[in-house]
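As structure tokens, the structure follows; a few thoughts come after it.
The values are calculated or read from the model by the stated rules, or taken from the named source; none is laboratory data. Keep in mind it's a predicted model, so treat the numbers as computed, not measured. Quick reminder, even Gly has a Cβ in these numbers, built from the backbone with ideal geometry, and neighbours come from all protein chains shown.
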């Protein structure tokens, strides 16, 4: 069973910020939040990850609530190329093995 | 190579035939995963290999599915007596349990299997 829940779809106007929510209310203390995206016909691509602090890289920002039960991926200026399915998963950072289930994700449609 | 390589990229096969899908993980990645993605669906876990440990086969949908990983590197997913419901994109991913691994999984581009 997926340990995260996401809305199945969202629209965003080109140039505006896209805010993609994810609920992970059963997250464990040693689990990180990872975001991936899958553009049509390609394998999922890593975007960003975090534990409890907000994170930012060249692709996106990740905001994690203080209780860590939810997070938001922010694409600050969405482009048409950001149209994709976005997956939020939780997993341990390193060591050991964890069978991770990817849910159906959020299908983000960026509109011109 | 720098990424996870899968072959073939596309495979069309007749119902009842066997197929083999290949995955070449990133060099040094000891963990290898196979996922399946049917049209419009999420990623379905199939099998996981970690080093020399026994693989986790709990996601394989039937005994027609099997996978091997030779020498801790290349993996082959075999589907025997293919059925139309096996049509999907089969994705391979690898990861490293090393402490400084940041990216979780690195996925290949997948093999699109069509059973006709």
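Residue-by-condition table, conditions (1) free of Cβ contacts under 8 Å to residues at least 60 places away in the same chain; (2) closer than 22 Å to residue A:111 by Cβ:
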site	(1), (2)
A:63	yes, no
A:77	no, yes
A:82	no, yes
A:90	no, no
Might you let me know whether the stretch B:104-114 holds any residue that is modelled with pLDDT under 95, surrounded by 13 or more Cβ atoms within 10 Å (Cβ to Cβ) and more than 10 Å from every other protein chain (Cβ to nearest Cβ)? no
May I ask you to verify whether residue B:7 is within 21 Å of residue A:40 (Cβ to Cβ), under 14 Å from the mean Cα position of the chain (by Cα), surrounded by fewer than 21 Cβ atoms within 10 Å (Cβ to Cβ) and facing chain A (nearest Cβ under 8 Å)? no
Determine which member of the set A:40, A:49 is farther than 18 Å from residue B:104 by Cα, within 12 Å of chain B (Cβ to nearest Cβ) and at pLDDT below 95. A:40
Checking residue A:68 against (1) away from chain B (no Cβ under 11 Å); (2) surrounded by 20 or more Cβ atoms within 10 Å (Cβ to Cβ); (3) not in a strand (DSSP E or B), only one condition comes out false. Which one? (2)
Looking for something within 14 Å of chain B (Cβ to nearest Cβ), part of a loop (DSSP other than H, G, I, E, B) and either within 22 Å of residue B:59 (Cα to Cα) or in contact with a strand residue (DSSP E or B) (Cβ under 9 Å, 6 or more places away or on another chain) (or both) - is there at least one such residue anywhere in the stretch A:18-25? no
Count of the stretch A:93-112 residues which are at pLDDT 70 or above, surrounded by fewer than 21 Cβ atoms within 10 Å (Cβ to Cβ) and either in contact with a helix residue (DSSP H, G or I) (Cβ under 9 Å, 6 or more places away or on another chain) or over 16 Å from residue B:44 (Cα atoms) (or both): 5
Inspect the stretch B:30-38 for any residue being surrounded by 13 or more Cβ atoms within 10 Å (Cβ to Cβ) and over 17 Å from residue B:89 (Cα atoms) and give the result as yes or no. yes
Quick check on residue B:60: is it under 14 Å from the mean Cα position of the chain (by Cα), more than 27 Å from residue A:108 (Cα to Cα), away from chain A (no Cβ under 11 Å) and without any contact (Cβ under 8 Å) to a residue 24 or more places away in the chain? yes
